[in-house]
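What follows is a set of notes on a single structure, which appears directly below.
The values are calculated or read from the model by the stated rules, or taken from the named source; none is laboratory data. Keep in mind that what you see is a predicted model, and the values were worked out from it rather than measured. Glycine gets a Cβ as well: all are built from the backbone with ideal geometry, and neighbour counts include every protein chain shown.
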Amino acid sequence: MDIEELGEFGLIERIKGSFKSRDRRLIQGIGDDTAAISTAGDKAILITTDLLLEGIHFDLRLNSAYYLGRKALAVNLSDIAAMGGIPQYFLLSLGVPRRYPVEFFNEFFRGLKELSRDYRVRLIGGDTSASAGKLTISITVLGEALRAQVVGRAGAAAGDQIFVTGTLGDSLLGLKILQDGGNPVHSLRRLPRVVRKHLDPRPRIKEGRLIAEKGLATAMIDLSDGLLADLSHLTREIGLGARLWREKLPLSNYYRRNILRFEKDRWNLALAGGEDYELLFTVAPAKVEPLKRLSSRFDCRLTHIGEVVEGKEGLKVVDKKGKPYKIDIHGYDHFCTQAIS
Ligand code: ADP
Ligand code: MG
């Protein structure tokens, strides 16, 4: 069997299966947004790593080195946000093709440095090698949280309410706009906000911290693969179902006005578009009101988009009248596309 048949998640499951071990200090291992390890006192260290490959994750004809530098760190910070943690340090590893221009790295480091300052994370090491192929970037972030406040993916229960920060589908719409224009990105000022969302995502560290500190979420994940795919990690993977209210999905004004220029179905990108880096989380009914009050301190909107149900009901999107909406879209998988039903 080829890896293509097994799929990205199938491969990760195999790895998980063959490296099973017990460790009292491990709070979260393979399968969450970050690993979480108990340290002295009441703290936990959070560790996460992400790989960015030229030609797979980014296309330098549609991106700039500056924004790539920012995004390479931002996507890792987003995983720390999804655990409710505070990012602190990072490692940077580069596989560099011999003929890459030095100016590329000046700009890449400028972007990386700016974002690291904004979020107060410090570069503490890494590795550098020549690459026989394309540019490879790997960033590992270390963060911290109080052990009792770490929010994993597996805590939801039927009856919990589903919330999401920000708006959905903008990042992929932004990418489609870039692909349509085919121009390199020099300045974001003249580009639509959705393009900025794609090139320069802002990890929801502040919101993740607030939610975790007040103990408001039973489970949380950041949206990297698309709403349905990521929601299935919070529900289907632990034998639960979910009902999403289609009309409640938060869409930006730009998305509403322009989506039909790019897609036949207006909901597709909101349900399955990846890389929004918003927080998706579940909340026990008694905590819904405290959460709504807390959201006045968020830098983005907060939307109640559905509820967790028993597993036999599956993952459903319903329209205004409560009628199931046929989902015929696919979540993102690096080796193949797996249907979500
Ligand atoms: P995210 O989108 O939040 O970065 P992924 O879908 O990439 O998460 O990964 C899911 C889980 O699988 C994470 O806990 C990650 O650490 C783990 N994982 C992914 N690839 C590997 C690997 N090659 N070896 C061990 N664990 C892996
Ligand atoms: Mg994640």
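Scan segment 200-227 for residues that are surrounded by fewer than 22 Cβ atoms within 10 Å (Cβ to Cβ), within 12 Å of Gly84 (Cβ to Cβ) and either within 12 Å of ligand 1 (Cβ to nearest atom) or without any contact (Cβ under 8 Å) to a residue 60 or more places away in the chain (or both) and jot them down. Across segment 200-227, there are no qualifying residues.
Considering segment 266-291 alone, what residues qualify as being farther than 15 Å from Ser171 by Cα and in contact (Cβ under 8 Å) with a residue 12 or more places away in the chain? Listed by number, the residues that qualify are Leu280, Phe281, Thr282, Val283, Ala284, Pro285, Lys287, Val288, Pro290, Leu291. Just to be sure, is Leu53 among the hydrophobic types (A, V, I, L, M, F, W, C) and more than 14 Å from ligand 1 (Cβ to nearest atom)? No; evaluated as a whole, the condition is false for this residue. Return yes or no: is Ser138 outside any helix (DSSP H, G or I), of a type outside the set (Asp, Glu), within 16 Å of ligand 2 (Cβ to nearest atom) and modelled with pLDDT of 95 or more? Judged against the criteria, Ser138 is a match. When residues in segment 18-34 are screened for being more than 12 Å from ligand 2 (Cβ to nearest atom), in a loop (DSSP other than H, G, I, E, B) and surrounded by 10 or more Cβ atoms within 10 Å (Cβ to Cβ), 3 of them pass.
So, in segment 188-221, exactly how many residues are of a type in the set (Asp, Glu) and out of contact with any strand residue (DSSP E or B) (no Cβ under 6 Å at 6 or more places or on another chain)?
2
If only one of Gly174, Gly155, Gly169, Gly181 is touching a Ser or Thr at 6+ places or on another chain (Cβ under 9 Å) and under 28 Å from Ser64 (Cβ atoms), which one is it? None of the others qualify; the one that does is Gly169.
Could you tell me whether Leu94 is closer than 30 Å to Thr282 by Cβ and surrounded by 14 or more Cβ atoms within 10 Å (Cβ to Cβ)? Full working, then the answer.
Values: closer than 30 Å to Thr282 by Cβ: no; surrounded by 14 or more Cβ atoms within 10 Å (Cβ to Cβ): yes.
No, not satisfied.
Mind checking which residues of segment 73-112 are within 16 Å of ligand 2 (Cβ to nearest atom) and of a type in the set (Gly, Ala, Ser)? Result: Ala74, Ser78, Ala81, Ala82, Gly84, Gly85.
Which of the residues belonging to segment 77-91 are surrounded by 24 or more Cβ atoms within 10 Å (Cβ to Cβ) and either of a type in the set (A, V, I, L, M, F, W, C) or not in a strand (DSSP E or B) (or both)?
Residues of segment 77-91 surrounded by 24 or more Cβ atoms within 10 Å (Cβ to Cβ): 77-85, 87, 90.
Residues satisfying the conditions are Leu77, Ser78, Asp79, Ile80, Ala81, Ala82, Met83, Gly84, Gly85, Phe90.
Can you tell me which residue in segment 56-72 is farthest from ligand 1 (Cβ to nearest atom), limited to those that are basic (Lys, Arg) and either at pLDDT 95 or above or within 19 Å of the chain's Cα centre (by Cα) (or both)? Let's see the steps before the verdict.
The initial filter retains those residues of segment 56-72 that are basic (Lys, Arg), namely 61, 70-71.
The next check asks that each one be either at pLDDT 95 or above or within 19 Å of the chain's Cα centre (by Cα) (or both); those that pass are 70-71.
Working: Arg70: 17, Lys71: 14 Å.
Ranking the candidates gives Arg70 first.
Exactly one of these conditions fails for Leu51: (1) part of a strand (DSSP E or B); (2) away from ligand 2 (no atom under 16 Å from the Cβ). Give me its number. So the condition that Leu51 fails would be (2). Scanning segment 5-44 for residues that are within 13 Å of ligand 1 (Cβ to nearest atom), closer than 20 Å to Gly155 by Cβ and among the basic types (Lys, Arg) yields a single hit, Lys16.
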